[in-house]
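To start, the structure under review is shown below, and the notes come after it.
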Amino acid sequence: MINERLIELVEQLATMLSNARNPTRAPQAEAYMKHHFSFFGMETSIRRSVQKAWLEEVKQISDRAERWELVRILWEKEEREFQYVAIDWMNTWPKKWLQPEDADEFKWIISQKSWWDSVDSIASNVLGKWAKLFPETARETFEEWRYESSFWLQRSCLIYQLKYAKTVDTAYLEDLIQQLLPNKEFFIQKAIGWSLRQLSKFEPDTVKGILARHPLKGIALKEASKYLN
């Protein structure tokens, strides 16, 4: 059944974003994203100013099913800014809104309209927060994702701990790196290096040990060793 309330909310947002459209900047944004998506074209700061009142309204949606339905509606909209609004909203969700069963929802959203801008923001923010809240469910989830054919799901496994500082499960990260290192996909190699680069800020000796045990090359090695002496 169509939720008319949610449709109306999205129509309100569409009007707000459309009114802020920048026809000069839109083609530049589309080219930057390799023409995977259409854009209204406003700068991030302008979009966030435009969406502020709308986010204030939707933060009152306490029902889990409605929240995820609204995310899906936004995700299916053509212009990329709708997905950015959805991500910004999810990143404000309080811990009490997150549930173990959100694993299926995260898998869907990461697998749809996948590109580094959406995947990285989701994985390193709300997914990372969710994984800390439900570590057992998260580990079961990531054990499935790491063997998926979608490298975006695999990338998410590598980077969900980016903001964990000294609480990174380094043994698990190294195990993932060992598995995914032969994968020549750029976004996997970049994520391997990125995860180690971030970890090196807090555990440089751990990263040096991982590099000694595993033959990283190219972009992975360049990223991983960026902050190492």
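Can you confirm whether residue 164 is among the aromatic types (Phe, Trp, Tyr) and more than 19 Å from residue 124 (Cβ to Cβ)? So residue 164 does not fit the description; no. Any residue that is over 20 Å from the mean Cα position of the chain (by Cα) and touching a residue at least 24 places away in the same chain (Cβ under 8 Å) - is there at least one of those in segment 24-40? Scanning segment 24-40, I find at least one residue that is over 20 Å from the mean Cα position of the chain (by Cα) and touching a residue at least 24 places away in the same chain (Cβ under 8 Å), so the answer is yes. The set of residues from segment 145-168 being under 22 Å from residue 226 (Cβ atoms) and not polar (S, T, N, Q) comprises 155, 157, 158, 159, 160, 162, 163, 164, 165, 166, 168. Residues in segment 41-83 that are under 14 Å from residue 113 (Cβ atoms), under 17 Å from the mean Cα position of the chain (by Cα) and surrounded by 14 or more Cβ atoms within 10 Å (Cβ to Cβ): 71, 72, 74, 75, 80, 81, 82, 83. Counting the residues of segment 139-166 that are farther than 21 Å from residue 194 by Cα and buried (at least 19 other Cβ atoms within 10 Å of the Cβ) gives 1.
Summed over segment 140-171, the residues that are within 16 Å of residue 117 (Cβ to Cβ) and β-branched (Val, Ile, Thr) give a count of 1. Of all the listed residues (189, 161, 198, 179), the sole one being part of a helix (DSSP H, G or I) and under 30 Å from residue 85 (Cβ atoms) is 198. One residue stands out among those in segment 6-32 that are out of contact with any helix residue (DSSP H, G or I) (no Cβ under 7 Å at 6 or more places or on another chain) and not in a helix (DSSP H, G or I): the one that is farthest from residue 74 (Cα to Cα), which is 24. Residues in segment 141-153 that are part of a helix (DSSP H, G or I) and either without any contact (Cβ under 8 Å) to a residue 12 or more places away in the chain or closer than 15 Å to residue 173 by Cβ (or both): 142, 143, 144, 145.
Is segment 220-227 home to any residue that is surrounded by fewer than 16 Cβ atoms within 10 Å (Cβ to Cβ) and part of a helix (DSSP H, G or I)? Full working, then the answer.
Start the filter on segment 220-227 by keeping residues that are surrounded by fewer than 16 Cβ atoms within 10 Å (Cβ to Cβ), which leaves 222, 226-227.
Now restrict to residues that are part of a helix (DSSP H, G or I): 222.
Within segment 220-227 (the criterion being surrounded by fewer than 16 Cβ atoms within 10 Å (Cβ to Cβ) and part of a helix (DSSP H, G or I)), the answer is yes, since at least one residue qualifies.
Taking each residue of segment 52-71 that is modelled with pLDDT of 95 or more and looking for partners that are not in a helix (DSSP H, G or I) with beta-carbon atoms closer than 8 Å, six or more apart or interchain, yields 55/92; 64/99; 66/3; 67/61; 67/93; 69/3; 70/61.
The values are calculated or read from the model by the stated rules, or taken from the named source; none is laboratory data. Since the structure is predicted, the reported quantities are computational estimates derived from the model, not experimental observations. Every residue, glycine as well, gets a Cβ built from its backbone with ideal geometry; the counts of neighbours run over all protein chains shown.
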